Amino acid sequence: MTFFGKLKKMMGFSAAQAGRAGETDPIEPSARLLRGRPKVYVLATGGTIAGRLASTGPRYRAGVLGIEALLGAVPALRGLADLSGEQVENIGSQDMDEFVWLKLAHRVNALLADPATDGIVITHGTDTLEETACFLDLTVRSPKPVVLVGAMRPAGSPGADGPTNLLDAVTVAAHPSAAGRGVLVVMHGSLFEARDVAKVSSLSLSAFAAPNAGAVGQLADGRIHYGQRAALSPERLVFDVSGLDRLPAVGIVYGHAGASATPVKALVDAGCRGIVSAGVGSGNVHRDVLAALADASGRGVIVVRASRVAAGLTLRNVEVDDNRFGFVAAGALNPQKARVLLQLALTRTRKAEAIQKMFDEY
Ligand code: ASP
């Protein structure tokens, strides 16, 4: 059996699960060899990687350059793959939302269902890149590589990192070894899995890390150097969003000394179906907030406890009685990613127990 055949078997990937007419098998490596260069799509959404220096006002604007300018600025890309570019959006990722997420998921699933596609690169602002990566990781139903990439410095600035990051991202998307690892993120020579990656510095070129798991590999000399080869997961949690044009409303409340119940009450009054608590320490909350969250949970709002701390896990029943209040514990997910998973989970169920299982599984 070929590598992709084994991979599909391991992932329990079948036409029936793929579910939609027209979805076909991933391309076999032998077919890729026959055809020649790998076929990679670059979907552009904006961000600093598409940013331009400004002469007045703030130093630069994100999401200005179009996909042609982006690809045209790095001629070496053409040596790596047969590239096609598409402009999906052109925004600073502070304006990213569920509608762009769904547009991306629909497009990525459609492109990857084509046997001629080998991989996809998505250019993205770094501010919310980890959330989009997490969303796609949970909604893309093909083992072919999907790689998100951004930049910390806009084109034209000294030491602009976009071109190198883009070259690295296409290198990964074009390589069969990147398949079956879920959605990946490439930044500043490091390769991360979507579930683990987070923006940890607001200005440094090394802005991304995977605080609990570490990077899965490094990019150097145009090659991927994997660290420990993580075992490919036999079954992945994947949500079918093909019929969706929006997601359930979920808000995040931030924990701090002297926190009040006001934000929780406001979210409940606004009709949120879920609340993620970015608690202190191991996901603890002030007693007033706890009372409001318990009340929300009693009214059927799903409450997920995560932590504002950058690394570590939020586990069940450590200092908070999750069993008593019907809360869900976020595990390794930070609050913004816990929100992504909760939004998707709520498209399937409103039962806290079932949602906890999804958090445990991811
Ligand atoms: N605000 C920008 C964005 O997220 C920052 C960046 O791309 O680095 O779009």
Under a Cβ-only charge scheme (Lys and Arg +1, Asp and Glu -1), can you give me the dipole magnitude of the chain about the Cα centre, in debye to the nearest 20?
280
So what's the back-of-envelope 222 nm ellipticity for the chain, counting only DSSP H runs of four-plus at -39500 (n - 2.57) apiece and dividing by all residues, rounded to 500?
-8000 deg cm²/dmol
Below 8 Å between Cα atoms, with a sequence gap of 6+, how large is the relative contact order for the chain in percent?
13
If you plug each phi of the stretch 126-132 into the Karplus form 6.51 cos²θ - 1.76 cosθ + 1.60 with θ = phi - 60°, what whole-Hz ³J(HN,Hα) values come out, in order, with x for Gly and Pro?
7, 4, 10, 4, 5, 6, 5
Please compute, for the alpha-carbon atoms of the stretch 215-362, the extent along each of the three principal axes and give them in descending order in Å.
53, 39, 25
Apply 1/(1 + (r/R0)^6) to the Cβ-Cβ distance of Val318 and Leu244, taking R0 = 30 Å, and write down the FRET efficiency to the nearest 0.05.
0.30
In the structure shown, of Lys199/Lys265; Lys39/Lys103; Lys144/Lys337; Lys39/Lys337; Lys199/Lys351; Lys103/Lys265, the pairs separated by more than 26 angstrom at the C-alpha atoms are Lys199/Lys265; Lys39/Lys337; Lys199/Lys351; Lys103/Lys265
Normalising by the residue count of the stretch 92-237, find the relative contact order in percent from Cα pairs under 8 Å and 6+ residues apart.
19
Cβ-placed point charges (K, R +1; D, E -1), dipole of the stretch 273-362 about Cα centre in debye, nearest 20
300
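None of the figures in this text is laboratory data; all of them are computed from the coordinates on show. Here the structure is a predicted model, which means the values were calculated and not measured. Don't worry about glycine lacking a Cβ; one is built from the backbone with ideal geometry, like all the others, and counts go over all protein chains shown.
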